[in-house]
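**Student:** Pasting a structure here, questions to come.
Nothing in this text is a laboratory measurement; each read-out follows from the coordinates by a stated rule. It should be emphasised that the depicted structure is a prediction, and the values quoted were computed from it without experimental measurement. Every residue, glycine among them, receives a Cβ derived from its backbone with ideal geometry; neighbour counts consider all protein chains shown.
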């Protein structure tokens, strides 16, 4: 099995991140728009990639946000995607473990993740890694 490296995303990764985001989220965002958000000094999200044999094969995103009403920051794994042909190799677990360590280093005491109720592979991974049902998330579209 090839070795996988987990690292913070760089500008050279943007094109591949856009391709994977289309597969994952159905996004039609441009590389330029994504690159602008990645370099925004006010961004609160960090993107990491999984690289296998020189190819980016997965990504994850983490938010660590200081809280006004709580003494510790809020940590949330906001995205996790591994290309289908690289699944079941522990790459998703490596991405989550990387962020768990980062969240702890930055003072967070817990890590939250949100996924679809019907996303059984993700739910299985998260539960195997010690995540448990916590709350319910509601959404309201703000589009007119």
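**Student:** With a cut-off of 12 Å, note down the residues of segment 33-54 whose backbone N falls inside the zone around a label point 7 Å from the Cα of residue 12 toward its beta carbon.
**Tutor:** 54
**Student:** Alpha carbon centre of segment 1-53 versus segment 55-83: separation in Å?
**Tutor:** Value for the Cα centre distance between the two parts: 13 Å.
**Student:** Moving on to the next point. Build a GNM of the chain with springs between Cα atoms under 10 Å: which of 39, 72, 115 gets the top mean-square fluctuation?
**Tutor:** 39
**Student:** With P(r) over Cα pairs in 5 Å bins from 0, in percent as the read-out, I listed [x] 2, 8, 17, 21, 22, 17, 10, 3, 1, 0; [y] 2, 8, 13, 13, 12, 11, 11, 9, 8, 6, 5, 3, 1, 0; [z] 2, 9, 18, 21, 17, 12, 9, 6, 4, 2, 1; which label goes with the value calculated from this structure?
**Tutor:** Answer by label: [x].
**Student:** OK, next. If you take every DSSP beta bridge fully contained in the chain, what fraction is antiparallel? Give it as a percent rounded to 5. Don't skip to the answer; put the middle values down first.
**Tutor:** Working: 21 of 24 bridges.
Of the beta bridges lying entirely in the chain, close to 90 percent run antiparallel.
**Student:** Remind me, relative contact order of the chain in percent, using alpha carbon pairs under 8 angstrom and six or more residues apart?
**Tutor:** Values: 175 pairs, mean separation 26.5, N = 144.
Here the relative contact order equals 18 percent.
**Student:** Okay, moving on. Build a GNM of the chain with springs between Cα atoms under 10 Å: which of 48, 22, 91 gets the top mean-square fluctuation?
**Tutor:** 22
**Student:** Gaussian network model of the chain, Cα springs within a sub-10 Å range: biggest mean-square fluctuation belongs to which of 17, 95, 123?
**Tutor:** Of the options given, 123 has the highest mean-square fluctuation.
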